[in-house]
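The values are calculated or read from the model by the stated rules, or taken from the named source; none is laboratory data. This is a predicted model, so every value here is computed, not measured. When we count neighbours, we look across all protein chains shown, and the Cβ atoms used for this are built from the backbone with ideal geometry, even at glycine.
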Amino acid sequence: MKVVVLGTAAGGGFPQWNCACSLCAKARNGSLPSRAQDCVAVSGNGSDWWLLNASPDIRVQVVGCAALTPGPGRRDTPVRGVLLTSAELDHCLGVFSLREGGGQHLYAPANALAALRSHLGLRDVLDLYAGWSWSEAVPEKSFALAGGLIATPHAVGTKRPKYAPELPGPWVVAYRVHDPSTGGTLLYAPCLASWSAGFEALLDGVDCLLLDGTFSAPDEMGVSTGHSKGQSSMGHVPVFGGGGSLAQLRRFPVMRRIYTHLNNTNPLLDPASPESAEITAAGIEVVPDGTVITL
Ligand code: MLT
Ligand code: MN
Ligand code: ZN
C-alpha cells in the first residue's frame, strides 16, 4: 500500500488566514513550513487512489501529488473516491471541489451522510454536476476498495459538527486500511475524543497510525487565544497530560506513530519546541505534507 499524507493541519490550515499568533507568523515568514488541511491518499496498486477525507485545500493537494496526476485519457483521474471520517467542514468541503469528477464514490458514517445531505446539500449539488455514488461506512463492517485495499470504519466519537442536526449515535469514525497483498495496515484517526480501551484494541496489527494531534495541551486554545472555547468539548484528545495520547503511544514502540490534524496553536508545529523534542524522544513523528509511506 502507498500512503500519501496530503495535509497535516487542522481546520483553518497553517497559517490560518485570520491568525497572527507567533506560530502562524513563523509560517508566514517561512521559518516554519506551512501545512494544508488534513487528508490522506491511499492506493493498493498505484493506479486506483482513495482519499481519506477531502479538505478545502484538495485541489492544490491533488495537483501537487504526482501519483494523482490524471491520464492518459483527458479526464482519467486515478481518484476513485473519498472516505470521510466525519462531516466536519475541514474534512468534507473538498468534495464540492471534486464535483467535476464523475463516477466517484463517497463513504461516510450514517450521521455524516445525513448532515451532508440535509444541511450542506452536498448530494443534491453533486448530482447536478457529475453524480457520485454514496455509501454508508458502517462501523466494524469492512468493504473492498478498487485497487485491492480493504477499509474498515470504527466509531470513535459522537461529536457532531456545529452546523449539523442533533442525531444519536457515532458522528466520527477512524479507518483501518489493510493491504492483503503486503499485509500492511494503516489506522487513520484524525479526530479522537479520548483514548479508550476500545480505541486501543484497534491498534492490534497496525503498522502505521495517523493520529489526532490537534492540541498539545488540554488548555492550549485558552492559552493561545485568550478564550478557552471549550476545548474539551471539541472532541480532540490532547497529546500531553495525564489523559493525553503520548503517554499511551509510548507503549507501542513497534508501530509507526504520526500526529496529524495539528491546530495552528500547537507547539508541535515547531520542531525546535520542547514539545517536539519530547515526542521525538519517544519515537513519535510529525511529518511534512506530501510524506509518502509504504506499508
Ligand atoms: C474539528 O476538528 O474539531 C473541526 O474541524 C472543528 C472545525 O474546524 O470547526
Ligand atoms: Mn478538524
Ligand atoms: Zn495561529
| How many residues are without any contact (Cβ under 8 Å) to a residue 60 or more places away in the chain, crowded, with 18+ Cβ neighbours inside 10 Å, touching a strand residue (DSSP E or B) at 6+ places or on another chain (Cβ under 9 Å) and of a type outside the set (A, V, I, L, M, F, W, C) if we restrict to the stretch 260-284? | 1
| query | From the residues in the stretch 2-27 that are more than 13 Å from Leu269 (Cβ to Cβ) and without any contact (Cβ under 8 Å) to a residue 12 or more places away in the chain, which one is nearest to the chain's Cα centre (by Cα)? | reply | Trp17
| said: Please verify whether Leu295 is without any contact (Cβ under 8 Å) to a residue 60 or more places away in the chain and touching a strand residue (DSSP E or B) at 6+ places or on another chain (Cβ under 6 Å), treating the condition exactly as stated. | reply: no
| field | Per-region count, the stretch 4-21, residues of a type in the set (Gly, Ala, Ser), surrounded by 18 or more Cβ atoms within 10 Å (Cβ to Cβ) and away from ligand 2 (no atom under 16 Å from the Cβ) | value | 0
| task | Output the residues belonging to the stretch 217-236 that are within 12 Å of ligand 1 (Cβ to nearest atom) and either at pLDDT 75 or above or assigned to a loop (DSSP other than H, G, I, E, B) (or both). | result | Met221, Lys229, Gly230, Ser233, Met234, Gly235, His236
| Here is a list of conditions, (1) modelled with pLDDT of 95 or more; (2) touching a Pro at 6+ places or on another chain (Cβ under 8 Å); (3) farther than 19 Å from Gly11 by Cβ, and Leu249 meets all of them except one; can you say which number that is? | (2)
| Pairs with Cβ under 9 Å, 6+ apart, first in the stretch 186-201 and closer than 16 Å to Cys39 by Cβ and free of Cβ contacts under 8 Å to residues at least 40 places away in the same chain, second among the β-branched types (Val, Ile, Thr) and part of a strand (DSSP E or B) | Leu187/Val177
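Residues to consider are Gly94, Gly64, Gly71, Gly103; find the one that is without any contact (Cβ under 8 Å) to a residue 60 or more places away in the chain, away from ligand 3 (no atom under 16 Å from the Cβ) and either within 22 Å of Glu166 (Cα to Cα) or in contact with a Gly (Cβ under 9 Å, 6 or more places away or on another chain) (or both).
Answer to the check: Gly103.
Residue-by-condition table, conditions (1) assigned to a helix (DSSP H, G or I); (2) not basic (Lys, Arg):
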{"residue": "Phe240", "(1), (2)": "no, yes"}
{"residue": "Gln248", "(1), (2)": "yes, yes"}
{"residue": "Arg251", "(1), (2)": "no, no"}
{"residue": "Ile258", "(1), (2)": "no, yes"}
{"residue": "Asn264", "(1), (2)": "no, yes"}
{"residue": "Pro271", "(1), (2)": "no, yes"}
{"residue": "Glu275", "(1), (2)": "yes, yes"}
| said: Just checking, does the stretch 81-92 include any residue being in contact with a Ser or Thr (Cβ under 8 Å, 6 or more places away or on another chain), of a type outside the set (D, E, K, R) and within 16 Å of ligand 1 (Cβ to nearest atom)? | reply: yes
| task | Output the residue which, of all residues in the stretch 105-129 that are part of a loop (DSSP other than H, G, I, E, B) and buried (at least 18 other Cβ atoms within 10 Å of the Cβ), is farthest from ligand 1 (Cβ to nearest atom). | result | Pro109
| request: For the stretch 130-216, please list each of the strands (runs of 3 or more DSSP E) lying entirely inside it that holds at least 1 residues being touching a Gly at 6+ places or on another chain (Cβ under 9 Å) and crowded, with 18+ Cβ neighbours inside 10 Å. | output: 143-145, 149-157, 172-179, 184-189, 208-212
| Are there any pairs with C-beta distances below 6 angstrom linking a residue in the stretch 202-222 that is among the hydrophobic types (A, V, I, L, M, F, W, C) to a residue that is part of a helix (DSSP H, G or I) and surrounded by fewer than 23 Cβ atoms within 10 Å (Cβ to Cβ), with the two at least 6 apart or on different chains, and if so which? | Met221/Gln231
